[in-house]
Structures are given as C-alpha cells and as structure tokens.
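One structure below.
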Amino acid sequence: MKKNGFLTFIFACIPGAGQMYYGYMQRGLSIAMMLMLCVMAATVIQPLLFLCLVIWMYSFFDTYDLIRHMAAGEPKEDSLLVPGNYEEIKKLLPQHNKLIGWGLVGIGVWALYDTFISNWLYTLLCNLVGNGYAYDIITGIPNVVIAALLIFAGVKLLGLHPETKHGDDELPPYPHE
C-alpha cells in the first residue's frame, strides 16, 4: 500500500492521523484520545504538558514504525494502545507497578498542594513575613521537594547508599574439595 510521502509526513505531525492514514483506526484513535486527555489534564497540572509532547513524539515515530513493519511484510495488529482493564495494564508493566503508583501519588499530592495548600500557606506567610518572601517560599517548596526526590533517586540508582547486611540471608561459603 504505497502512500504519498508528503501526506504521510503531514499526517504524522497530527497525533493519531498518521496511523489512521495507514488504516490503523483503533491505534490512531487511542493516540488522539490519550493526547486529548493529557491536554485537558495539563490545564490543571501544567507539568503534564511535557507528557503531551511525549505523546506527540510517540505518535510521529509510531507512524514511520508502522510503515517499516508493513514494508517488511509483517504489519502490526490494529488495536487500542490503552489496555481495557487493570489486569492488562498489570501485564504490561509488572515490575514497575510501584513506580507508577508512586508517580500517581506524587502527581496527586502536587495537585492538592497547588490547589489548596499553597493558597492557605501563602495567606499565612503573608501575615508572618510579608508578600515578597511568602511568594518565594510558596513557589520554592515544590522545587525543593522535587530536587530532593531526584537526588535521593539518583543516589539509590548509583548504589551510593550504605549496604545493609543480614547474617541469615548470606550464602554459606563454597565448600572446597
């Protein structure tokens, strides 16, 4: 199925349209819906705009990956990219369930802070230290918390944390012959 290269590029720039141009209707629709949900969520939580960019990039490169697979004679299946139930999601990322859970908790805490706590804290700090300092403190708290979490995660990933030794968990020495 030979398609126009210019139209392929134009449609690939529109999330989901490139997939639909090549007949992958479910796949294209799921990408378009994910982007639409992400844009709506980004109106409340601005950092999610970065996720919108990631979805756009995925859609663009997925279009060309579909073309490559079709040219090789092994086309991908047209299915929704978003799994339909919790068990399907769990199968996709079994080892990262905790990471996703903590990420969702973090986004929720940030949204609560941004919506409720920062306004209350700003009013309190204005009465204690004045307007200028209160604004700096309120806007700085999320940055400090994120920076501390990133440093903590980096230290853990680099293995710079102290090792804990448990006498019962160690293997006995290798018996010599």
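Among the residues of segment 66-82 satisfying the criterion of being open to solvent by less than 70 Å² (accessible area, probe 1.4 Å) and within 14 Å of Gly23 (Cα to Cα), which is modelled with the lowest pLDDT?
Looking at the filtered set, the residue picked out is Ser79.
Here are the criteria: (1) touching a residue at least 24 places away in the same chain (Cβ under 8 Å); (2) within 19 Å of Asp65 (Cβ to Cβ). Tell me which single one Leu7 does not satisfy.
Among (1) touching a residue at least 24 places away in the same chain (Cβ under 8 Å); (2) within 19 Å of Asp65 (Cβ to Cβ), the lone unmet condition for Leu7 is (1).
Which of the residues that make up segment 2-44 are more than 24 Å from the chain's Cα centre (by Cα) and at positive phi?
Gly23
How many residues, within segment 1-38, are open to solvent by 70 Å² or more (accessible area, probe 1.4 Å) and touching a Leu at 6+ places or on another chain (Cβ under 8 Å)?
2
Considering segment 39-61 alone, what residues qualify as being open to solvent by less than 90 Å² (accessible area, probe 1.4 Å) and within 19 Å of Glu77 (Cα to Cα)?
Selection gives Ser59, Phe60.
List the helices (runs of 4 or more DSSP H) that sit entirely inside segment 83-151 and contain at least 2 residues that are at negative phi and at pLDDT 75 or above. Spell out the reasoning first.
Details: elements: 86-92, 97-112, 118-129.
The qualifying helices (runs of 4 or more DSSP H) are 97-112, 118-129.
Within the set of pairs 6 or more residues apart or between chains, which connect a residue that is under 21 Å from Ala111 (Cα atoms) inside segment 46-60 to a residue that is open to solvent by 60 Å² or more (accessible area, probe 1.4 Å) with Cβ atoms less than 6 Å apart?
Cys52/Val39
The values are calculated or read from the model by the stated rules, or taken from the named source; none is laboratory data. Bear in mind that the values here come from a model prediction, so they are computed numbers and not experimental data. Glycine also receives a Cβ, built like all others from the backbone with ideal geometry; neighbour counts cover every protein chain displayed. Each accessible area value is taken on the protein alone, full model and side chains, heavy atoms only, with ligands, DNA and RNA left out. Shrake-Rupley method; radii C 1.70, N 1.55, O 1.52, S 1.80 Å.
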